[in-house]
Amino acid sequence: MSTVADSAFLRACRREPVPRTPVWFMRQAGRSLPEYRRIREGVGMLASCRRPDLVCEITLQPVRRHGVDAAILFSDIVVPVAAAGVDLDIKPGVGPVVAEPIRAAADVDRLRPLTAGDVDFVAEAVRLLVAELGGTPLIGFAGAPFTLASYLVEGGPSRTHARTKALMYGAPQVWHALCAKLAEITRAFLRVQIDAGVSAVQLFDSWAGALSLADYRRFVLPHSTAVLRGLTVPRIHFGVGTGHLLAAMADAGADVVGVDWRTPLDTATAAVGPDHALQGNLDPSVLLAPWDVVEIEVRRVLTEAKAAPGHVFNLGHGVLPETDPDVLTRVTDLVHRAA
């Protein structure tokens, strides 16, 4: 009987030989599944994340349906900052909306540390899932300091991150104080998940691609490093539009670097070097194309990944809500057979 530690997913994360390429999908537990839409009906996002029974069921749904090689905890990147006292809500069709955005040193002072008791519902959900999943690894996750800061400063989603960059450039001391606090909150959130039994963690820096390499190294890298340094499970680090940042993101402490669809995996391997596995990177929109196109693109990704010392097949971002779940199941089977 295979153990979690022996799973293809964790072996790939450790750059060890695998019997087949492991696969999971970002946002695999989500709006593309009719069973997800049914169970979430009438329940807000934050409320869903705070119910261990619901978190457990939603996390298990894609594992049952698709036969993926890893589950990822159903949660949201703003859960820990909300638990630490930030007044926010996740509005349907909009995203996180913050009641009092952070714009000055006094606002940063309002942020308090996160305790394990603040997110005991997450620990309970992880324990339930570990018992249910058996030999399938569970991935925990959190939002990186830059991405969390961008929501807190902007007050919600932003295409330009103008207020975020204005604070970063115009008040660097305030910026670093904010990110240092967010790094502490994020690390505490990941530690709760690790202590409860997750097998790996993924740090999402969704909006870091908006920065130049020089700005990333100056304003972001130290804080992401503070989150990832010394964690005792494999660490995946992912961002969107971060092809120019891949080497720096690897330097933050990643064992596995997630790559979006814009950068071929052989190019990414050359950028991050032999000490890091890769995750990715099929364009999520490809899944809406006819199957013969999907198959060609999946095989292309697998071919480009041969250069990597370890590879976890995934999308280059999350599953789109309009995706046919049966296509995800077929992709999983194809990846397993093609390896």
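The values are calculated or read from the model by the stated rules, or taken from the named source; none is laboratory data. The structure presented is a predicted model; accordingly, all values stated were derived computationally and were not measured. Note: ideal-geometry Cβ built from the backbone for every residue, glycine included; neighbour counts use all protein chains shown. The protein model used for the area step is the full one, side chains on, heavy atoms only, and it has no ligands, DNA or RNA in it. Shrake-Rupley method; radii C 1.70, N 1.55, O 1.52, S 1.80 Å.
Couple of notes before you dig in:
- Extreme residue, modelled with the lowest pLDDT, among residues of region 63-119 that are within 30 Å of V18 (Cβ to Cβ) and aliphatic (A, V, I, L, M): I77
- Residues in region 238-252 that are in contact with a Lys or Arg (Cβ under 6 Å, 6 or more places away or on another chain) and closer than 13 Å to V220 by Cα: A248 only.
This table checks each residue for (1) among the β-branched types (V, I, T); (2) touching a strand residue (DSSP E or B) at 6+ places or on another chain (Cβ under 7 Å).
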site: R37; (1), (2): no, no
site: C49; (1), (2): no, no
site: I58; (1), (2): yes, no
site: I72; (1), (2): yes, yes
site: A99; (1), (2): no, yes
site: V108; (1), (2): yes, no
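- Residue within region 117-136 that is part of a helix (DSSP H, G or I), open to solvent by 10 Å² or more (accessible area, probe 1.4 Å) and among the polar types (S, T, N, Q) present: no
- Among residues of region 14-27 being over 13 Å from R65 (Cα atoms), of a type in the set (A, V, I, L, M, F, W, C) and open to solvent by less than 20 Å² (accessible area, probe 1.4 Å), the one that is nearest to the chain's Cα centre (by Cα) is M26.
- Residue count, region 28-49 (criterion: surrounded by fewer than 18 Cβ atoms within 10 Å (Cβ to Cβ) and in contact (Cβ under 8 Å) with a residue 60 or more places away in the chain): 2
- Count of residues meeting criterion [closer than 16 Å to A99 by Cβ and either hydroxyl-bearing (S, T, Y) or surrounded by 20 or more Cβ atoms within 10 Å (Cβ to Cβ) (or both)] in region 145-162: 5
- Region 314-329, subset in contact with a His (Cβ under 9 Å, 6 or more places away or on another chain) and of a type outside the set (S, T, N, Q), residue nearest to G258 (Cα to Cα): L328
- For T160, the stated conditions hold: it is outside any helix (DSSP H, G or I) and either at negative phi or not polar (S, T, N, Q) (or both).
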